[in-house]
Amino acid sequence: MEAKKQDIIDQLRQDLMAWEGFRPLPPGERQEFGLGAIENAFPNQTFPTGVLHEFISTRPEFTAATGGFIAGIMQTLLQNGGVCVWVSYTRRIYPPALKRFGVSPDRIIFIDVQREKDVLWATEEALKCSGIAAVICETRLLSFMESRRLQLAIEQSRVTGFILRKDVKHMSTTACTARWTVKPVRSKLRPGMPGVGYPRWQVDLLKVKNGQTGSWTLEWKNQQFTPVVEQSQTEKAKRYA
Amino acid sequence: MLKRFVSIWFKYLLTDREAIRQDSLRELPVAFTEPDHGRMLVMAMNTHAEHCGVKLSMAAADARVIAPGIQLFENKPGRQVKLLKGLAEWCLRYTPLVMVDPPDGLLLDVTGCTHLKGGEMEFLKDIVSRLRALGYTIRPGMADTLGCAWAVARCADTGLIVPPGGQRNALMLLPPGSLRLGTEILIKLNQLGFYQVGSFIHLPKSVLKRRFGSNMVLRLYQALGQEAEFLLPLREPVPYTERIALLEPVKTRDAIENAVHTLIDQLCKRLYGEGLGLRSAVLTYCRIDGKSYQLTIGTNHPSQRTDHIFKLLALQFDQVAPGLGIELFILDAPKTEPASDKQSLLWNGKPAADSEQVAELLDNIGARVGNTNIHRYLPQEHHWPERAVANSADLAQSPESEWSEDILRPVQLLDPPEPIEAMALTPDYAPRQFVYRNQRHIIVNADGPERISHEWWTEDGGYRDYYVAEDEEGMRYWLFGTPNDLPGQTRRWFIHGYFP
């Protein structure tokens, strides 16, 4: 009896998720993002594509780290060809740097709008176009209604959208599936080696629909994400004794 | 091919125009004067002035005596041509080939156009009645040649439509002045007793040429259709053009959208049949007050899709001011390109439809934010960071060289670099700390220097020593110092970007 109840509850949960827009991908379509443990935070243990992701960045340093992180995800999204669109109002992104994250910069179309209010309009137009792999939108404000509009556009086209928000004074509720922050942290080389190591970030998932929030440290190494495992002090001492 | 031409003679062009502007002048004698050798001579007048006995080239003072109450206006040079150009634009509703014929006429190539109004007679009637409604008194003439139409319009009393091939008969009874000849030749013909074209039309060509010059023979034979004469159209006709003339002028948005949609549909069908796609389009709409305006669009790839072109035009519908109503829409496609069904050249790997979708998306966005704000970057073989990319407007262009993977570049680049206060322990080392926007950063790790110099063959300037620096918090920056190896130079520091 107890087991039967559990089955019904599981089935209901699955249905709820389907109604909320989550569709489990057929096995062949699953893409490997290499995010490791982070993917477990999402429903079905899959990084959701075809939804809206929101990134919060308070400082230009964070924006740079977020840009790198998004580029790393885009590498997988662009594997099947296509282009992505980057909409921004004041753009500082330097295209050649993205090559390091596996994205060929000539496959990104940058739309630098003159008026701030055109950012969301252009984003919505781009999200409606199913021939596009991903849309990145750099904006300051995003109200619930605006995010809902973008989400509705996505539900038709199944394009993945990334919203990069720079205004944190208004941390309003949005219709985005996940809310992230990506912060750079001190890189580490082997002890005793001088210089700056691989890009290392602390990735926080502040909100996930039907998933668990969490915090992870990642490194971008050899063209892929690598989870950072802190080696304990004792081990270190043993090795370099 | 048999051609048909219409000549329109505006007998009272200037005075009619003045009467349209001031209605009170309609019942008064009106004349236009022009300075000539220090005197003011009459150069145009209306019927009332003619009845009073005012003649061309009469002194203005005399005209005042003959016709008391005459309204005299001074003519400005070039005024007639300007008026005629406006009228020629108006006449584009009848045919795309209209030529201004100064000082007082228009010439229209109406080959294949007359049936649209239900025949040649109805065509001329329509022209006359519409221009009369505007306030112009005109005389039209229609014939196989420009010269004959001109002659009939100005000099014939009846038979304004010369049947095909009937030029010789039509010209017989007309005075020699109908042949567009110079004054000296006309005087000579008059002195010799040639009062009608018929009295010298049968003379041999060589005789006419010897006595009156080759120009007179040319004009005569042009009128007869034995010498070619070409019409110089006011506007070059666009090969792909569609038009809708509306019986009732429209001014609601729905009606305008409907008309434009039909127009685009017709054009797209035609383009599709010829395997072409539209790259730019001009929509002209003529209002019933005679003014016309244009909307222009461009596309990123040859398009035959009605919905797409309509969407681009619809973005500009807010600017349309229908006034009292719009009676004519013309859609031109000045630029077309062969459209292949497969658009797979854009980016490899994606199905054809998607590339088309992308191009259409960019058309939409470009129409609103401006095409100059859409960028796509291609690598350039330069080390100087600001020069390492070039903007490419062509979506199909692929990079000529590879993007370099081995050099480290910041994801966020400051343009221009911003000065910082930095402190380095030894001259060629990375700074130990720097202050940027009143915030102190202690540098714990640094890579560098990477020396990048200006390319001496493009411009002068020193080099930059770039360092990748990581501060205590883990933030990574791209800093550079200016040259310091010459005496008297002190190194200045700048921040140029943020690493992820």
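Name, by its number, the condition in (1) assigned by TED's automatic domain parsing to the domain that holds B:R93; (2) surrounded by 17 or more Cβ atoms within 10 Å (Cβ to Cβ) that does not hold for B:L234. If we test B:L234 against (1) assigned by TED's automatic domain parsing to the domain that holds B:R93; (2) surrounded by 17 or more Cβ atoms within 10 Å (Cβ to Cβ), just (1) comes out false.
Among the listed residues B:V444, B:V435, which satisfies the condition of being outside any loop (DSSP other than H, G, I, E, B), of a type outside the set (F, W, Y) and within 8 Å of another protein chain (Cβ to nearest Cβ)? Exactly one of B:V444, B:V435 is outside any loop (DSSP other than H, G, I, E, B), of a type outside the set (F, W, Y) and within 8 Å of another protein chain (Cβ to nearest Cβ), namely B:V444. From the list B:D406, B:D415, the one residue that fits, being within 8 Å of chain A (Cβ to nearest Cβ) and either acidic (D, E) or over 13 Å from A:L98 (Cβ atoms) (or both), is B:D415.
Tallying residues that are buried (at least 21 other Cβ atoms within 10 Å of the Cβ), in a loop (DSSP other than H, G, I, E, B) and within 13 Å of another protein chain (Cβ to nearest Cβ) within the range A:48-80 yields 1.
If you check B:L413, B:L378, B:L361 for being within 36 Å of the chain's Cα centre (by Cα) and surrounded by 20 or more Cβ atoms within 10 Å (Cβ to Cβ), only one passes: B:L361.
Among what's in the range A:81-107 and is more than 9 Å from chain B (Cβ to nearest Cβ) and of a type in the set (S, T, Y), pick the residue that is surrounded by the fewest Cβ atoms within 10 Å (Cβ to Cβ). Result: A:T90. In the range B:290-311, the qualifying residues are those that are within 21 Å of the chain's Cα centre (by Cα) and not in a strand (DSSP E or B), and the one that is farthest from B:G323 (Cα to Cα) is B:I309. The set of residues in the range B:162-175 that are surrounded by fewer than 24 Cβ atoms within 10 Å (Cβ to Cβ) and not small (G, A, S) comprises B:P163, B:P164, B:Q167, B:R168, B:N169, B:M172, B:L173, B:L174, B:P175.
B:A281 - would you say it is in contact with a Ser or Thr (Cβ under 9 Å, 6 or more places away or on another chain), at pLDDT below 90 and small (G, A, S)? When the stated conditions are applied, B:A281 does not pass them.
Within the range B:375-402, residues that are under 18 Å from A:L98 (Cβ atoms) have Cβ atoms under 9 Å from residues that are part of a strand (DSSP E or B) and of a type in the set (K, R) in these pairs: B:P385/B:R464, counting only partners at least 6 apart in sequence or on another chain. The helices (runs of 4 or more DSSP H) found wholly in the range B:28-110 and carrying at least 1 residues that are in the same structural domain as B:Y136 (by TED's automatic domain parsing) occupy B:79-91.
Condition check: crowded, with 18+ Cβ neighbours inside 10 Å, in the same structural domain as B:I495 (by TED's automatic domain parsing) and aliphatic (A, V, I, L, M). Does B:A388 satisfy that? So B:A388 does not fit the description; no.
Every residue, every condition in (1) away from chain B (no Cβ under 14 Å); (2) without any contact (Cβ under 8 Å) to a residue 12 or more places away in the chain; (3) of a type in the set (K, R), yes or no:
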{"position": "A:G131", "(1), (2), (3)": "no, no, no"}
{"position": "A:V135", "(1), (2), (3)": "no, no, no"}
{"position": "A:M145", "(1), (2), (3)": "yes, yes, no"}
{"position": "A:R165", "(1), (2), (3)": "yes, no, yes"}
{"position": "A:P184", "(1), (2), (3)": "no, no, no"}
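Determine the pairs where a residue that is surrounded by 10 or more Cβ atoms within 10 Å (Cβ to Cβ), located within the range A:220-241, has a partner that is of a type in the set (V, I, T) and modelled with pLDDT of 70 or more with Cβ atoms under 7 Å apart, the partner being 6 or more residues away or on another chain. Listed by first residue and then by second, the contacts come to A:V228/A:T217. Within the range B:389-418, the set of residues being over 23 Å from A:Q223 (Cα atoms), outside any loop (DSSP other than H, G, I, E, B) and aliphatic (A, V, I, L, M) comprises B:A390, B:L414.
Looking only at residues of the range A:38-47 that are at pLDDT 85 or above and out of contact with any helix residue (DSSP H, G or I) (no Cβ under 6 Å at 6 or more places or on another chain), we find that the one that is surrounded by the fewest Cβ atoms within 10 Å (Cβ to Cβ) is A:N40.
Listed by first and then second residue, the pairs linking a residue in the range B:420-445 that is more than 15 Å from A:E61 (Cβ to Cβ) to a residue that is of a type in the set (S, T, N, Q) and at pLDDT 90 or above, with Cβ atoms under 6 Å apart and 6 or more places separating them unless they lie on different chains, are B:M423/B:Q433. Would you check if there is a residue in the range B:320-332 being surrounded by 18 or more Cβ atoms within 10 Å (Cβ to Cβ), at pLDDT 85 or above and in a helix (DSSP H, G or I)? The answer is no, given that none of the residues of the range B:320-332 is surrounded by 18 or more Cβ atoms within 10 Å (Cβ to Cβ), at pLDDT 85 or above and in a helix (DSSP H, G or I).
Screening B:S355 on (1) modelled with pLDDT under 80; (2) more than 9 Å from every other protein chain (Cβ to nearest Cβ); (3) not in a loop (DSSP other than H, G, I, E, B) shows it passes everything except condition (2). Could we say that B:D62 is farther than 30 Å from B:P233 by Cα and not hydroxyl-bearing (S, T, Y) here? Yes; evaluated as a whole, the condition is true for this residue. Among the residues making up the range B:248-286, those that are more than 23 Å from B:E360 (Cα to Cα) and among the basic types (K, R) are B:K251, B:R253.
The values are calculated or read from the model by the stated rules, or taken from the named source; none is laboratory data. Note that the structure is a prediction, hence the values are computed from the model and not measured. Please note: Cβ atoms are built from the backbone with ideal geometry, for glycine as well, and neighbour counts cover all protein chains shown.
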